[in-house]
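K.L.:
Got a structure here, written out as structure tokens. Questions coming.
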Amino acid sequence: MAFHFFAYMNRMRYIRRWGLMRNTKGENDMEHAFQTAMLAHGIAILGNLRYGRNYDAEHIMAMAMYHDASEVITGDLPTPIKHNNPLIKTEFHRLENMARERLLTMLPEDMRGSYQDLINADESTAEWRIVKAADKMSAYIKCLEEKKAGNSEFEDAGDSTYESIRRIDLPEVQDFVDEFIPGFGMSLDEISRT
């Protein structure tokens, strides 16, 4: 019997992000998932090294890789639509849950348990807070890159996203922002000199 989970996940590269915004360079869910996983892993490492956390950095990285998995079925609904109407938000969450369950059925029975916590992550955990922080950082990096390319369309989104990141009460997140995010606003020559 053939299973199609990974073929479906490979289609994340066809899901475009920032659908209502004028982009100088498009971004897809696969690129975003990789970047979010990379950032989440780094935040978790900082938390373990500097703040005595006991994060499973590799598990957090895997959670981040799959944090938008349902979008291969639902697509990426723009944030203003998804979050500004309570009825739409409730119904979209219901659709996301159905999509996640559908994805799990695309795995052999003996593998489903290993992916359950990645596809249906427990959003009350410390690990999920790291993933969501990395998700916001990825959005902020996109805003920085667009502004650097002269696209003022992302200025307000960048400001509000940065403010939301600064409200996260995890010192490892704030350290990561202070130490690593400035480089994303620099040119290759600038980051190569330092």
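K.L.:
Would you work out the Kirkwood radius for the range 76-172? I mean one over the mean of 1/r across all pairs of different Cα atoms, in Å.
P.N.:
It is 15.9 Å.
K.L.:
A further question follows. Could you work out the pair-distance distribution P(r) of the range 127-191 from its alpha-carbon pairs, with 5 angstrom bin width and percents rounded to whole numbers?
P.N.:
Here the calculated profile for the range 127-191 is 3, 18, 28, 24, 16, 8, 2, 0.
K.L.:
Before rounding to the nearest 500, sum -39500 (n - 2.57) across all DSSP H runs of length at least 4 in the chain and divide by the residue total; then give [θ] at 222 nm in deg cm²/dmol.
P.N.:
-20500 deg cm²/dmol
K.L.:
What is the angle, in °, between the Cα long axis of helix 29-51 and the longest principal axis of the Cα atoms in the chain? Nearest 10 is fine, range 0 to 90.
P.N.:
Tilt of helix 29-51: around 70 degrees.
K.L.:
Hey, another quick one. If the cut-off is a Cα-Cα distance under 17 Å, which lysines reach LYS142, setting aside same-chain residues fewer than 8 apart in sequence?
P.N.:
LYS25, LYS132
K.L.:
How big, in percent, is the set of alpha carbon pairs in the range 18-61 lying more than 14 Å apart? Before the final figure, lay out the partial values.
P.N.:
Details: 543 of 946 pairs.
That fraction is 57 percent.
K.L.:
Let me ask something else about it. If you stretched the chain out fully between MET1 and GLU179, how much longer would it get, using 0.36 nm times the residue separation minus the C-alpha to C-alpha distance?
P.N.:
The MET1-GLU179 span can extend by a further 59.2 nm.
K.L.:
Another question about this same structure. Given a 1.4 Å probe, how much area per residue of the chain is accessible, in Å²?
P.N.:
Per residue, the chain has an accessible area of 56 Å².
K.L.:
Of ILE181, LEU170, ASN48, whose Cα points farthest to the positive end of the dipole of the chain (charges on the beta-carbon: +1 Lys, Arg; -1 Asp, Glu; origin at the Cα centre)?
P.N.:
Farthest towards the positive end: ILE181.
K.L.:
Also, quick follow-up: Could you look at the chain and say what percent of its accessible area is carbon and sulfur, using a 1.4 Å probe and all protein chains?
P.N.:
Ligands and nucleic acids excluded, carbon and sulfur give 54 percent.
K.L.:
Return the equivalent ellipsoid semi-axes of the range 1-116 as a descending list in whole Å, where each equals the square root of 5 times an eigenvalue of the C-alpha gyration tensor.
P.N.:
Details: eigenvalues 118, 93, 47 Å².
Rounded to whole Å, the semi-axes are 24, 22, 15.
K.L.:
Using C-alpha positions alone, give me the convex hull volume of the chain per residue in cubic angstrom.
P.N.:
Roughly 133 Å³ of hull volume per residue.
K.L.:
Quick one: dipole size for the chain, taken about the Cα centre, charges +1 on Lys/Arg Cβ and -1 on Asp/Glu Cβ, in debye to the nearest 20.
P.N.:
It works out to roughly 380 debye.
The values are calculated or read from the model by the stated rules, or taken from the named source; none is laboratory data. Remember, it's a predicted structure, so these values are computed and weren't measured experimentally. We place every Cβ from the backbone using ideal geometry, glycine too, and count neighbours over all the protein chains shown. Keep in mind that these areas ignore ligands, DNA and RNA; they rest on the heavy atoms of the full protein, side chains included. Shrake-Rupley method; radii C 1.70, N 1.55, O 1.52, S 1.80 Å.
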